[in-house]
Amino acid sequence: MSVMTTTQHAAYDTKVEGNIVFTQVDTAINWMRKNSVWPMPMGLACCAIELMGSASSRYDISRFGAEVMRFSPRQADVMIVAGTVTYKMALAVKRIWDQMPEPKWCIAMGACASSGGMYRSYAVLQGIDNLIPVDVYISGCPPRPEAVLEGLMRLQKKIEAEKSATSQFKKS
Amino acid sequence: MSSANTLASQFGSAIIEQIDFRDETTLIVDQESAKEILRFCRDELKFDYLVDISSLDNLGTEPRWEMVYELCQLGNGTNEHLRIKYALGENEKADSVCDLWATANWHEREVYDMMGIEFTGHPDLRRILMWEGFPFFPLRKDFPLAGRESEMPDVAFTDRAPLEGGPFVTSPTSASTVHREPRSRDMK
Ligand code: SF4
């Protein structure tokens with residue numbers, strides 16, 4: 001590439017042409033977002049072990065841009081609730097969710113996080129969706145890492161369809 | 001002489017019953033002497049390890065509670081186990097054994113948390129699994145499996161779990177698994 005100086009005006013450079021893509025702002029933003037969702041691993045029980053498995057070399061969640069597990073909610077985009085949400089923990093999960101900056105998503109991983117699972121009991125919240133909005137539910141007890149990746153890909157599809165930028169504009 | 005025989009000769013009528021089942025010995029003892037018997041087990045019989053303390057709720061019979069102490073000899077290599085039980089009335093308190101085995105501290109807190117049995121002489125009798133302020137004792141027989149509603153602002157809340165016709169319980173039977181598998185039953 002030639003170095004341009006102020007005296008030498010940029011003429012139209014045909015070599016640049018192939019490097020320019022026309023798109024919509026929404027699409028561009030969504031593309032960036034969906035390929036860099038940083039999870040907040042809310043590991044609460046056995047499902048968390050499978051979540052760790054999906055981050056391991058065999059399943060390698062980084063193929064989908066979600067390997068940056070953030071233990072600080074301020075840096076996270078998607079909360080993966082992996083495990084049994086007891087009532088004792090429930091408000092703490094909610095509080096961490098509230099500390100995550102927008103835009104944020106939630107994946108309920110496994111039967112427990114989705115519905116209380118096998119714990120129809122006095123101690124377990126019957127689904128994290130009682131407290132926070134869930135985007136994707138993953139079935140299984142525990143779900144296999146493939147299912148976690150499938151859930152993540154579904155979430156990516158959902159992010160793709162969002163009106164990320166245009167929703168910010170008001171119709172006059 | 002086995003530990004049970006030593007105890008029998010030492011405490012006589014305070015040992016109400018001895019049950020031997022597959023090399024496991026259970027002694028049902030008198031509530032008043034229970035602490036002394038446990039102390040003797042630790043000091044003289046070298047039961048240096050308290051494996052567990054648990055409690056039973058025999059709702060509808062008097063006395064309502066049953067305390068269970070599971071002892072083990074670790075130090076002398078025999079690995080002998082001994083179970084000591086005593087009955088406890090509904091409004092009575094149990095004697096803490098924290099001064100004998102330090103590990104009793106948490107076991108007794110769990111019994112208190114789940115069953116509501118209090119211990120005299122416990123240095124720090126707080127709930128251990130549920131939060132401070134939870135109004136129920138959930139392992140009591142008269143507490144519903146689905147739970148009860150409660151609310152402690154900013155700490156925790158509980159709700160009733162939907163049982164959809166349950167609770168689903170298995171019934172012991174020698175018939176096929178079809179008969180054995182969990183079904184909803186009328187609990188009355
Ligand atoms: S869904 Fe199953 S594996 Fe996952 S936390 Fe619940 S009990 Fe454990």
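The values are calculated or read from the model by the stated rules, or taken from the named source; none is laboratory data. Remember, it's a predicted structure, so these values are computed and weren't measured experimentally. Heads up, the Cβs are rebuilt from the backbone with ideal geometry, glycines too, and the neighbour counts pull from every protein chain shown. Ligands, DNA and RNA are stripped out before the accessible areas are found, and what is left, the full protein with its side chains, is counted by its heavy atoms. Shrake-Rupley method; radii C 1.70, N 1.55, O 1.52, S 1.80 Å.
Matching residues to (1) farther than 24 Å from A:Thr27 by Cβ; (2) within 14 Å of another protein chain (Cβ to nearest Cβ); (3) open to solvent by 50 Å² or more (accessible area, probe 1.4 Å):
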site: A:Ser62; (1), (2), (3): no, no, no
site: A:Met79; (1), (2), (3): yes, no, no
site: A:Lys94; (1), (2), (3): yes, yes, yes
site: A:Gly127; (1), (2), (3): yes, yes, no
site: A:Arg144; (1), (2), (3): yes, no, yes
Residues to consider are A:Ile20, A:Ile49; find the one that is over 17 Å from the mean Cα position of the chain (by Cα), within 16 Å of the ligand (Cβ to nearest atom) and not small (Gly, Ala, Ser). A:Ile49
For B:Thr170, are the conditions met, namely being in the same structural domain as B:Phe47 (by TED's automatic domain parsing), without any contact (Cβ under 8 Å) to a residue 24 or more places away in the chain and open to solvent by 60 Å² or more (accessible area, probe 1.4 Å)? no
Check every one of the strands (runs of 3 or more DSSP E) wholly within segment B:1-67 and list those with 1 or more residues that are touching a residue at least 40 places away in the same chain (Cβ under 8 Å) and over 19 Å from B:Leu100 (Cα atoms). B:24-29, B:49-57
For segment A:98-105, indicate whether the set of residues that are surrounded by 15 or more Cβ atoms within 10 Å (Cβ to Cβ), modelled with pLDDT of 95 or more and either within 16 Å of the ligand (Cβ to nearest atom) or within 14 Å of another protein chain (Cβ to nearest Cβ) (or both) is non-empty. no
Unique residue being more than 11 Å from the ligand (Cβ to nearest atom), touching a residue at least 24 places away in the same chain (Cβ under 8 Å), more than 18 Å from A:Trp38 (Cα to Cα) and more than 14 Å from chain B (Cβ to nearest Cβ) when the list is A:Lys88, A:Lys158, A:Lys163: A:Lys163
Report yes if some residue within segment A:82-95 is more than 12 Å from the chain's Cα centre (by Cα) and farther than 29 Å from A:Tyr119 by Cα; otherwise report no. no
Has segment B:97-113 got at least one residue that is at positive phi, surrounded by fewer than 20 Cβ atoms within 10 Å (Cβ to Cβ) and assigned to a loop (DSSP other than H, G, I, E, B)? no
Checking B:Asp154, B:Asp124, B:Asp159 in turn, the sole residue that is open to solvent by less than 80 Å² (accessible area, probe 1.4 Å) and within 12 Å of chain A (Cβ to nearest Cβ) turns out to be B:Asp159
For segment B:115-141, what are the residues that are in a loop (DSSP other than H, G, I, E, B) and in contact with a strand residue (DSSP E or B) (Cβ under 8 Å, 6 or more places away or on another chain)? B:Ile117, B:Glu118, B:Gly121, B:Leu125, B:Trp131, B:Gly133, B:Phe134, B:Pro135, B:Phe136, B:Leu139, B:Arg140, B:Lys141
